[in-house]
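Inspection log for the structure reproduced underneath, given as structure tokens.
Every number in this text was worked out from the coordinates using simple rules, so none of it is lab data. Nothing here was measured: the structure is a model prediction, and the numbers come from that model. We place every Cβ from the backbone using ideal geometry, glycine too, and count neighbours over all the protein chains shown.
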2 protein chains.
Amino acid sequence: MKPYASLSPKEAEKELAALRALYEKEKSMHLSLDLSRGKPNSEQLDMTQELLDAPLTREMCFSPSGFDYRNYGIFDGVPEMKKLFSDLLGIPEEMILIGGNSSLQLVYDTLMRAMVFGVVGSDRPWAKEEGLKWLCVVPGYDRHFRIAQSIGFELVNVRMLPTGPDMDEVERLVASDPKIKGIFCVPKYSNPTGNTYSDETVVRLAKMKTAAKDFRIIWDNAYAVHDFDENGDTLLDIFAEAEKYGNQNRIFYFTSTSKISFPGAGISMMAMSPENLAQAKKYISVETIGFDKLNQIRHLAYFKNAAGVMAHMRLLGKNVGKKIAIAEQILDRDLGGLGILEYQKPKGGYFLSIDTLPGCAKRVFALMAEAGVKLTQVGDTFPYGVDPEDRNLRLAPTYPSDEDLVKSMDLLTVTIRIASLEKLFAL
Amino acid sequence: MKPYASLSPKEAEKELAALRALYEKEKSMHLSLDLSRGKPNSEQLDMTQELLDAPLTREMCFSPSGFDYRNYGIFDGVPEMKKLFSDLLGIPEEMILIGGNSSLQLVYDTLMRAMVFGVVGSDRPWAKEEGLKWLCVVPGYDRHFRIAQSIGFELVNVRMLPTGPDMDEVERLVASDPKIKGIFCVPKYSNPTGNTYSDETVVRLAKMKTAAKDFRIIWDNAYAVHDFDENGDTLLDIFAEAEKYGNQNRIFYFTSTSKISFPGAGISMMAMSPENLAQAKKYISVETIGFDKLNQIRHLAYFKNAAGVMAHMRLLGKNVGKKIAIAEQILDRDLGGLGILEYQKPKGGYFLSIDTLPGCAKRVFALMAEAGVKLTQVGDTFPYGVDPEDRNLRLAPTYPSDEDLVKSMDLLTVTIRIASLEKLFAL
């Protein structure tokens, strides 16, 4: 098939008619499918069911030195769990705090503390300043955007490039505007684009001059070990880079096992410079006597150590990678060469992000919905829910069965072709 | 023995000499004991070990309607867990949100949200106001005081009476000062005094006029079901009372299973008027995708329902009550009739709070420490760590073994007698 843009009006009309017939046929099958949810399916969760099946015996609840983990105490995490994350991510244990079941909550609470107390280097609590702004790489993670919006920041879009955020733009903005207090980054297998920040991007983020002296990078490394196979991306150590420029306090690092063990019942962690962590601990030790240590012990009993996590992730990554590959193959098969879709093939993570021709995403969403397949709401990957070009669609292929995924993707390519022809030829 | 105040100087000197000899003898035994920690001992925790021993099977992870609890979703709590707390506390399920492992964290986050967003009825976020104050019933719970202090409130003391906070004083203060935004209450078996608010106190709290239209009561009912036996105290339903006066939004209600199942690995909950809860949920759903549902399922599998919790609490209450009784018996035996100690005998809860003669508590603490027994820091039960009369001591008899408890209490009565004689006769 030749590129749609090069079709004659007549050819376009004929093609559209055929596609519409195909679409009507699919619609009559009354599908009820869902490509919208970035969550694992039950078969993936079964892979760690043993973590739940195994008893947590009394003996397991005591530390080597006799501390009873069933009791109060050790508010910043069981030492062995700190070591596990330390080995997994290459971060010194002294920089790590183990949290509860949600790294998103750690992110949120970190920003709330900044509002009420300020961060290290702030002149005053952020809540005492007016007109604060936050940089959002787009397309990006909707829950990040909602946190900053809810807390009261004005959200400023920065384009995602294959190498990460458009650093020319980031540098320009943060150097000139002291109201910009930070940026959200999912640096490896970014949600939803699936790309990993280049070494140069990491260095520039670590090094850049910021007008706000208390600027912060929320480094949400949610997919740190989520490679599909042994050829995964590598990510530069931002703490090491930031240290070179005296900017170690700039980094607030987060991750969790939500997409390793169980979403909502895993272990979260945050890592910070010693100075940042001392400040955070001062406040968190007022907030809580401690996080759930017994769930940390359960995870340790199952995974043992970082190597155990990696062994599990080789299996899980293969499983997720297979789903992503199914989706990619259908996109390539049906849309290859038509010039109506752009996307990057991720080497890990959880999502596939595709860009239609400008002005087509909402139409695709509507056509899919009409035929019984739910996609992620168009705009969800942008601040305020608005995709200015109306072209990005986030596909979450992990939840449906392979069979349902194929059905959904088959329909998706039909709807993308329909929407593209309608747009190109004003049909 | 006659009251110490009625001794002649000579008698006092003789008594003191004998006590000092006794004290020196005890000291030579090099004790290393701890009465400071308000936490259960391992034997108490063993009572719910089965909750941890039992596997959480795949089957148990699915709701009747097929929802997989191992996955994201249901952010405000598993319905059966809401029902358990509802039945246990007599609060409608619609007013309940199930949290994570820490009700203290729910309290903290609630106040942080008030700072950044305000509460229902606020003109502006609390962080935008200056000079805010918070009422603290003294003696009270140190961790409450630290939360308010850390967030930036000026702490205002109100005396604890046998009936609860001194309501004349509370009413006077809140009616006249719009800067007073709230009060901490542990209404049943208050920490550390062990008394329960009278019906009249609850009604007056629900009814009183407050100068701040967004005044809040943090109703931390941590010991709601922690009776020593069937003759426990009863607490009036503050929501029902508040509703009569249109003040239902005034109440933020919290509790947890920290002292039912496991400290730091239990289930917390908060309850609020529908209007308050809708506001809280709006923000909490941005903070987290959800709390740990699997730990809720574990607790449900073990306790089944409210009746199951009550059955467990009859055993646990007996266990804690026995410890408290040991301490009380030694106080009565050694100090009865001397006129140097005041205390109330609680019918439940976790602590024993005793008042020495004014100006003696620190001396008792020092004598005990010198002889190897750690008490709760004097002043910890007061804002800013200052007991203005230097007389309150919080005893936490749950952690030591019975034998160690007896040794500690034997020494404690000796040191109280020494400190009292020194003070009364300037010796």
### Task
Could you state the angle between the C-alpha long axis of helix A:361-370 and the longest principal axis of the C-alpha atoms of chain A, as a value from 0 to 90 degrees rounded to the nearest 10?
80
### Task
Please report, in cubic angstrom per residue, the volume enclosed by the convex hull of the alpha-carbon atoms of segment B:382-427.
80
### Dipole of chain B, positive end: most advanced residue of B:F252, B:G232, B:L19 [Cβ charges, Cα centre]
B:F252
#### Entry: Around B:I180: net Lys/Arg minus Asp/Glu count, Cβ-Cβ under 10 Å
+1
### Query
When you take every Cα atom in segment A:65-305, what is the radius of gyration, and what is Dmax, the widest Cα pair distance, in Å?
17.4, 55
### Query
Which distances in nm, rounded to one decimal and ordered from shortest, link the label point of A:A211 to the equivalent label points in the other identical copies, with labels set 7 Å from Cα toward Cβ?
4.1
#### Entry: Cβ-vector label at 7 Å, B:E154, separations to other copies in nm
3.6
### Message
On the rotation axis linking copies A and B, which residue of A comes nearest by its Cβ, and by how many whole Å?
### Response
A:A127, 2
### Task
Considering the options B:S36, B:N71, B:Q49, tell which one lies farthest towards the positive end of the dipole of segment B:1-87, charges being +1 on Lys and Arg and -1 on Asp and Glu at the Cβ, about the Cα centre.
B:S36
### Message
Using a 7 Å offset from the Cα along the Cα-to-Cβ direction at both B:Q377 and A:E154, what is the distance between the two label points in nm, to one decimal?
### Response
4.5
### Query
Using a label position 7 Å from Cα in the Cα→Cβ direction, what is the ascending list of nm distances from B:K244 to the same site in the other copies?
7.1
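In whole percent, what relative contact order does chain A give with Cα contacts below 8 Å and a gap of six or more residues?
Values: 780 pairs, mean separation 110.9, N = 427.
Relative contact order for chain A comes out at 26 percent.
If R0 is 30 Å, what FRET efficiency do you get for B:A211 and B:V120 from their C-beta distance, rounded to 0.05? If you can, show how the numbers build up before the last one.
Working: r = 17 Å, r/R0 = 0.58.
Approximately 0.95, to the nearest 0.05.
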## Note on the structure
Counting only residues 5 or more apart in sequence or on a different chain, those whose built amide H sits under 5 Å from that of A:L161 are A:D166
### Task
Work out from phi, with θ = phi - 60° and the Karplus expression 6.51 cos²θ - 1.76 cosθ + 1.60, the ³J(HN,Hα) of each residue of segment A:99-110, listed in order in whole Hz, and give x for Gly and Pro.
x, x, 8, 9, 6, 4, 5, 5, 4, 4, 5, 5
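Can you tell me the length gained on complete extension of the stretch A:M29 to A:F62, counting 0.36 nm per residue apart and subtracting the Cα distance? Don't jump to the answer; show the numbers that get you there.
Values: separation 33, 0.36 × 33 = 11.88 nm, distance 5.74 nm.
Net length gain for the segment: 6.1 nm.
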### Message
Net charge around B:L7, counting only other residues with Cβ within less than 10 Å of its Cβ (Lys, Arg = +1; Asp, Glu = -1)?
### Response
0
### Message
I need the phi-derived Karplus couplings for segment B:414-420: 6.51 cos²θ - 1.76 cosθ + 1.60, θ = phi - 60°, integer Hz, Gly and Pro marked x.
### Response
4, 5, 5, 5, 4, 4, 5
### Query
Using alpha-carbon positions, what is the distance between the centroids of segment B:197-220 and segment B:394-427, in Å?
37
### Query
Suppose every K and R has +1 on its Cβ and every D and E has -1 on its Cβ; what is the size of the dipole of chain A about the Cα centre, in Debye to the nearest 20?
460
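Enter the mean number of other protein chain beta carbons within 10 Å of the beta carbon of each residue in B:111-117, as an integer. Intermediate values should be presented prior to the final figure.
Values: counts 2, 9, 1, 0, 6, 10, 5.
If you average over the peptide's residues, the count of other-chain Cβ atoms is 5.
Using Cβ contacts closer than 10 Å as the measure, can you line up B:K322, B:K25 from fewest to most? Mind dumping the intermediate values first?
Working: B:K322 13, B:K25 10.
So the residues, fewest neighbours to most, are B:K25, B:K322.
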### Task
Find, among the trypsin sites (Lys or Arg not before Pro) in segment B:95-173, those assigned to loop by DSSP (not H, G, I, E, B) with at most 15 other beta-carbon atoms within 10 angstrom.
none
### Task
Quick one: check the C-alpha center-to-center distance for segment A:248-307 versus segment B:251-268, whole angstrom.
21
### Query
Nearest 10 degrees, 0 to 90: what angle lies between the long axis of helix B:142-151 and the longest principal axis of chain B (Cα atoms)?
60
#### Entry: Cut-off under 5 Å, modelled amide H: who pairs with B:D387 long-range
B:G379
## Note on the structure
Other residues with Cβ under 15 Å from the Cβ of B:I98 give, with Lys and Arg +1 and Asp and Glu -1, a net charge of -4
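Give me the inter-chain shielding for A:68-76: mean count of other chain Cβ atoms within 10 Å, whole number please.
Details: counts 8, 4, 14, 12, 9, 4, 1, 2, 0.
Counting Cβ atoms of other protein chains within 10 Å of each residue's Cβ and averaging gives 6.
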### Query
Taking N as the number of residues in the protein assembly as shown, what value does Rg over Cα atoms divided by 2.2 N^0.38 Å take?
1.07
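Evaluate the relative contact order of segment B:239-340 (contact order divided by residue number), counting alpha-carbon pairs under 8 angstrom at least 6 apart; express in whole percent.
Numbers: 51 pairs, mean separation 18.4, N = 102.
Worked out over segment B:239-340, it gives 18 percent.
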### Task
For chain B, give the share of DSSP beta bridges that are antiparallel, in percent and rounded to the nearest 5; count only bridges with both residues there.
45
#### Entry: Ranking of A:K181, A:K83 by count of other Cβ atoms within 10 Å, fewest first
A:K83, A:K181
### Task
Over segment A:1-115, calculate the relative contact order: mean separation of alpha carbon pairs under 8 Å at least 6 apart, over the residue count, as a percent.
11
### Query
Radius of gyration and Dmax for chain A's Cα atoms, expressed in Å?
23.1, 81
### Query
Around A:K133, which amide H atoms from residues at least 5 apart in sequence, or from another chain, sit under 5 Å from its own amide H, with H modelled in the peptide plane?
A:E154, A:I180, A:K181
### Task
Output ³J(HN,Hα) for segment B:158-173: one whole-Hz value per residue in order, computed from phi by the Karplus curve 6.51 cos²θ - 1.76 cosθ + 1.60 with θ = phi - 60°, and x for Gly and Pro.
10, 5, 7, 10, x, 8, x, x, 5, 6, 4, 5, 4, 4, 4, 5
### Task
Enter the Cα centre distance for the pair segment A:32-95 and segment B:1-73, rounded to the nearest angstrom.
28
### Per-residue average of Cβ from other chains inside 10 Å of A:308-315
0
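Taking a ≥ b ≥ c as the square roots of the Cα gyration tensor eigenvalues, with a/c under 1.5 meaning rounded and otherwise prolate when a/b beats b/c, else oblate, which class fits segment A:73-211?
Values: a/c = 1.72, a/b = 1.20, b/c = 1.43.
Oblate shape, in that a/c is at least 1.5 and b/c is the bigger or equal ratio.
State to the nearest 20 debye the size of the charge dipole of the protein assembly as shown about its Cα centre, where the only charges are +1 on K and R beta carbons and -1 on D and E beta carbons.
Details: 102 positive and 114 negative charges, 142 e Å.
My answer is approximately 680 debye.
Divide by every residue of the protein assembly as shown the summed helix terms, -39500 (n - 2.57) for each DSSP H run of at least 4, and state the resulting mean residue ellipticity at 222 nm, rounded to the nearest 500 deg cm²/dmol.
Details: 28 runs with 358 residues, N = 854.
The helix-only estimate for the protein assembly as shown comes to -13000 deg cm²/dmol at 222 nm.
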